[in-house]
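To start, the structure itself, in structure tokens.
Each reported figure results from applying straightforward, stated rules to the coordinates on display, with no laboratory input. Everything numeric here is computed off the predicted structure, so don't read it as measured data. Positions of Cβ are generated from backbone atoms using ideal geometry, with glycine treated the same way; all protein chains shown enter the neighbour counts.
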Amino acid sequence: MLHPVYGARVASQATMTSMSLLPIAPIIFLPFILVFFVIIFPIWGAALGVLGLTLLVMRGLRWLAHLAGVTALDAPTEGVRRALRWVLTFGGFTDRAAASRER
């Protein structure tokens, strides 16, 4: 139905304007967003938790080993620390970005 004062052209432009405000990008990216937040992000969080707890245990065992005069757990503890750092930075992705900005 046309508006009696503004006419058909204005009614048509109003419809086009409202259609142009339809958010297309979020609708297109919704499957990717859902996969990331439902699958990838929880797995990443669980990996951080497991590696963090493993690092805490390894550091405790290393401390006990150092009290006994043994340094055999130094290298494995450093390996777990590097693994945690790797997972924390999304596989080194953020480290590479920081390195490229410093150049």
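Over all alpha-carbon pairs in region 24-102, figure out the percentage whose distance exceeds 14 Å. Pairs farther apart than 14 Å: 72 percent.
Give me the number: length gained by fully extending R59 to S100, i.e. 0.36 nm times residue separation minus the C-alpha to C-alpha distance, one decimal in nm. Can you show the working numbers first?
Numbers: separation 41, 0.36 × 41 = 14.76 nm, distance 3.24 nm.
Length gained, R59 through S100: 11.5 nm.
Placing a pseudo-label 7 Å from each Cα along the Cα-to-Cβ vector at F93 and I39 gives an inter-label distance of 1.5 nm.
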